[in-house]
Amino acid sequence: MDGAVRFAVITPELTLEQRATVLGLHGKNVRIMVEPIDVPVEGLVDVTTEADPKTKCQRLRAVLYVWWKQLMPKLGNTTFQEFYDKKMESIITKVKDTLE
């Protein structure tokens, strides 16, 4: 072992957008603050930063991922990439069909 500590986090129920945000962190190096909720903590300062917001494309992909995860039992062995490609083609076709 390298001395690392692994732990799981359970959240309250999240909205679809919040879940997509959390899933968007997959594979990224993140910082998490742990704060006791039943003990007052002195000296904490809220720091607001201008983090790069997700692009619309990244948000859509994250939402499609959550949708795929929810539908997985019905989809059988469909991979996320297959699901993503099919849904994106569907969206593109719908928009193209509205063009003159």
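Structural remarks
- Of the trypsin sites (Lys or Arg not before Pro) in the range 54-100, those whose Cβ has at most 16 other Cβ within 10 Å and which sit in DSSP loop: Lys54
- For the chain, the number of Lys pairs with C-alpha atoms closer than 29 Å, counting only pairs eight or more positions apart or on separate chains, is 27.
- Calculated [θ] (222 nm, deg cm²/dmol) that DSSP helices of n ≥ 4 give over the chain, each run adding -39,500 (n - 2.57): -15000 deg cm²/dmol
- Each label point was placed 7 Å from the Cα along the Cα-to-Cβ direction; for Lys56 and Glu89 their separation is 2.3 nm.
- The chain, relative contact order [Cα under 8 Å, separation at least 6], %: 32
- The angle between the Cα long axis of helix 80-97 and the longest principal axis of the Cα atoms of the chain comes to about 60 degrees, rounded to the nearest 10.
- Crossing angle, helix 56-75 versus the chain [Cα axis fit, 0-90 degrees, rounded to tens]: 80
- Segment Met72-Thr98, length gained on full extension (0.36 nm per residue, minus Cα span): 6.3 nm
- The chain, Rg to Rh (Cα coordinates; Rh as Kirkwood inverse mean 1/r): 1.09
Laboratory data are not the source of any read-out in this text; all were calculated from the coordinates shown. It should be emphasised that the depicted structure is a prediction, and the values quoted were computed from it without experimental measurement. Positions of Cβ are backbone-derived with ideal geometry, glycine not excepted, and every protein chain shown enters the neighbour counts.
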